[in-house]
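Visitor: Structure incoming, see below.
The values are calculated or read from the model by the stated rules, or taken from the named source; none is laboratory data. Worth saying up front: this structure is predicted, and the values here are computed from it rather than measured. So basically every Cβ, Gly included, is an ideal-geometry build from the backbone, and we count neighbours across all protein chains shown.
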Amino acid sequence: MDYSKMKPESLMMSYGYKPNLSEGSIKCPIFQTSTFVFENAMQGKKFFEVAYGLREKEENEELGLIYSRLNNPDLEILENRLCLWDNAEDCAVFESGMSAITTAMMEFMKPGDLLLYSKPLYGGTDHFINNFLKKLNIKAIGFMANDSKEDIISKINNSSRSNKLSMIHIETPANPTNSLIDIEMCNEIKSLFSIEENQPVLSVDNTYMGPIWQHPLKHGADIVLYSATKYIGGHSDVIAGACLGSKELIRRVKGLRTFFGNMAGPLTGWLLMRSLETLKVRMDQQAKNAVYVADFLKKHPKVEKIYYLGEKAKNGTNEEKELIKKQYASYGAMISFDIKGGEKEAFKFLDNLKLIKLAVSLGGTESLAEHPKTMTHADVLASEKEIMYITDKLIRISVGVENYNDLISDLSQALNSI
């Protein structure tokens, strides 16, 4: 059977797993073990040589199982399946999205380097960049979605470290405002500052779109990052992260992961494999529901403005319309909106939701709502939040798989309570 002609959703139940090696079990078991037995000492020597990069794998040689900090069947099969969605060469799975992001940044940057990043970002990433990386003498320059290519290049040139640009990290659509960044433009900027002794890495946090609705590697990204807790996990019962890219780059990421010890465990791997089987079905339904929810919110008299890809595709700038056509396969299921009023009205609305739950996170089967300014982005500088439209009146909704009429009914009664 030619698996290469099949869609990823058709392979999520079986790809990379051999039932005959596990007593015929239709599903991959949970390999809850710390270590693996070698058949002989020479086999153990060969496994370690490959694992620690002392030699390259021989043709048709498989990486042997050594120790669950290095590799585990649940992890390896999961990583192989995740590669199918993004057409990546390799994948490294972590115990959280932040561990994936921070490990990648630590691997590709060193003291004295320059980081270029888009704004806004997820609050945890923003904190790591603007607090921890400063301690390592890594300078960070942020840019907004409406900054031109020339504006961004000027920022780099004026940084005094233009020859030390080691990483460009972007999040598109941005959390929580759905601001759009052109990945191909960022790749062009990366190329301008690439020199023989310094090759910057372009990383894209694709959590908002998941592996279905956007494929950054196709547009020039070097690595794509996920909080796998979100759409990939999709059931609000597991914390995980993933980093995908070329074999060479992921080899480096996995190397640091080995010594940080922040790889995902076998149960996490098993839970994510379970979730991958329904990933497309769930995300298709969430995107469909979001269209109806956005249309309702746009027309409601107590809603001032909505931040949603579908709205940008209709009424955004020409640049936004073209970028959506080029870069996205869906408008997604994340909607933010400005309520008329401020924090008082926003909190009143959130406190009166019934079906939609007041909680952070996103991408799960259940719909969630939160207040970015005081919750997920509480640590971002106040002056920065205002510029990025993260205000008292902004509310973020992650649309789930419920019946959209019930979601709209809940939103309606909560808005009417104001």
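Visitor: Checking the conditions here, which among Lys46, Lys18 is of a type in the set (Lys, Arg) and surrounded by fewer than 14 Cβ atoms within 10 Å (Cβ to Cβ)?
Guide: So the residue among Lys46, Lys18 that is of a type in the set (Lys, Arg) and surrounded by fewer than 14 Cβ atoms within 10 Å (Cβ to Cβ) is Lys18.
Visitor: Sticking with this one: Just the residues that are touching a residue at least 24 places away in the same chain (Cβ under 8 Å) and part of a helix (DSSP H, G or I), please, taken from segment 6-28.
Guide: The answer is Pro8, Glu9, Leu11.
Visitor: Return the residues of segment 120-148 that are assigned to a helix (DSSP H, G or I) and surrounded by fewer than 14 Cβ atoms within 10 Å (Cβ to Cβ); say none if nothing qualifies.
Guide: Hits for segment 120-148 are Asn131, Phe132, Lys134, Lys135.
Visitor: Considering segment 399-411 alone, what residues qualify as being in contact with a helix residue (DSSP H, G or I) (Cβ under 9 Å, 6 or more places away or on another chain) and surrounded by 14 or more Cβ atoms within 10 Å (Cβ to Cβ)?
Guide: Result: Val399, Gly400, Val401, Glu402, Tyr404, Leu407, Ile408, Leu411.
Visitor: Does Leu225 meet the test of being among the aliphatic types (A, V, I, L, M) and in a helix (DSSP H, G or I)?
Guide: Judged against the criteria, Leu225 is not a match.
Visitor: Name the pairs whose Cβ atoms lie under 6 Å apart, with the first residue in segment 82-109 and touching a residue at least 12 places away in the same chain (Cβ under 8 Å), the second among the acidic types (Asp, Glu), and 6 or more positions between them or separate chains?
Guide: Pairs found: Cys91/Glu79; Val93/Glu79.
Visitor: Please tell me if Ala382 is in contact (Cβ under 8 Å) with a residue 12 or more places away in the chain, more than 20 Å from Val293 (Cβ to Cβ) and either assigned by TED's automatic domain parsing to the domain that holds Asn289 or in contact with a Ser or Thr (Cβ under 6 Å, 6 or more places away or on another chain) (or both).
Guide: no
Visitor: Output the number of the condition that Tyr389 fails; it satisfies all remaining conditions of (1) closer than 23 Å to Trp213 by Cβ; (2) within 20 Å of the chain's Cα centre (by Cα); (3) at pLDDT below 95.
Guide: For Tyr389, the failing item is (2).
Visitor: Look at Leu70 and say whether it is surrounded by 13 or more Cβ atoms within 10 Å (Cβ to Cβ), hydrophobic (A, V, I, L, M, F, W, C) and more than 29 Å from Ser179 (Cα to Cα).
Guide: yes
Visitor: I'd like the full set of residues that are of a type in the set (Val, Ile, Thr), under 27 Å from Ser275 (Cα atoms) and either assigned to a loop (DSSP other than H, G, I, E, B) or in the same structural domain as Ile77 (by TED's automatic domain parsing) (or both), limited to segment 29-42.
Guide: Of all residues in segment 29-42, those of a type in the set (Val, Ile, Thr) come to 30, 33, 35, 37.
Subsequent filtering for residues that are under 27 Å from Ser275 (Cα atoms) retains 30, 33, 35.
Ile30, Thr33, listed by residue number.
Visitor: Is it the case, given these coordinates, that Val93 is at pLDDT below 90 and outside any loop (DSSP other than H, G, I, E, B)?
Guide: No.
Visitor: Out of Ser191, Ser166, Ser160, Ser154, which single residue is surrounded by 14 or more Cβ atoms within 10 Å (Cβ to Cβ) and either under 21 Å from the mean Cα position of the chain (by Cα) or not in a strand (DSSP E or B) (or both)?
Guide: Exactly one residue qualifies, and that residue is Ser166.
Visitor: Would you mind telling me which numbered condition in (1) surrounded by fewer than 24 Cβ atoms within 10 Å (Cβ to Cβ); (2) more than 26 Å from Lys119 (Cα to Cα); (3) among the small types (Gly, Ala, Ser) Ala264 fails?
Guide: Ala264 satisfies every listed condition except (1).
Visitor: Would you be able to tell me the number of residues in segment 79-98 that are surrounded by 22 or more Cβ atoms within 10 Å (Cβ to Cβ), touching a strand residue (DSSP E or B) at 6+ places or on another chain (Cβ under 6 Å) and of a type outside the set (Asp, Glu)?
Guide: The qualifying residues number 7.
Visitor: Got a sec? Which of Ile408, Ile324 is of a type in the set (A, V, I, L, M), over 26 Å from the mean Cα position of the chain (by Cα) and not assigned by TED's automatic domain parsing to the domain that holds Phe143?
Guide: The unique qualifying residue is Ile408.
Yes/no matrix, rows are residues, columns are (1) surrounded by 18 or more Cβ atoms within 10 Å (Cβ to Cβ); (2) under 22 Å from Tyr67 (Cα atoms); (3) modelled with pLDDT under 95:
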{"site": "Tyr226", "(1), (2), (3)": "yes, no, no"}
{"site": "Ile232", "(1), (2), (3)": "yes, no, no"}
{"site": "Ser246", "(1), (2), (3)": "no, no, no"}
{"site": "Ile250", "(1), (2), (3)": "yes, yes, no"}
{"site": "Thr258", "(1), (2), (3)": "no, yes, yes"}
{"site": "Thr278", "(1), (2), (3)": "no, no, no"}
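Visitor: Moving on to the next point. Would you check if Ser367 is more than 21 Å from Val303 (Cβ to Cβ) and hydroxyl-bearing (Ser, Thr, Tyr)?
Guide: Against the criterion (more than 21 Å from Val303 (Cβ to Cβ) and hydroxyl-bearing (Ser, Thr, Tyr)), Ser367 does not qualify.
Visitor: While we're here: Out of Ala378, Ala329, which single residue is in contact with a helix residue (DSSP H, G or I) (Cβ under 8 Å, 6 or more places away or on another chain) and at pLDDT below 95?
Guide: That would be Ala378, the only listed residue that is in contact with a helix residue (DSSP H, G or I) (Cβ under 8 Å, 6 or more places away or on another chain) and at pLDDT below 95.
Visitor: Being more than 19 Å from Met106 (Cα to Cα), outside the structural domain of Tyr308 (by TED's automatic domain parsing), free of Cβ contacts under 8 Å to residues at least 40 places away in the same chain and among the acidic types (Asp, Glu), is that true of even one residue in segment 219-232?
Guide: no
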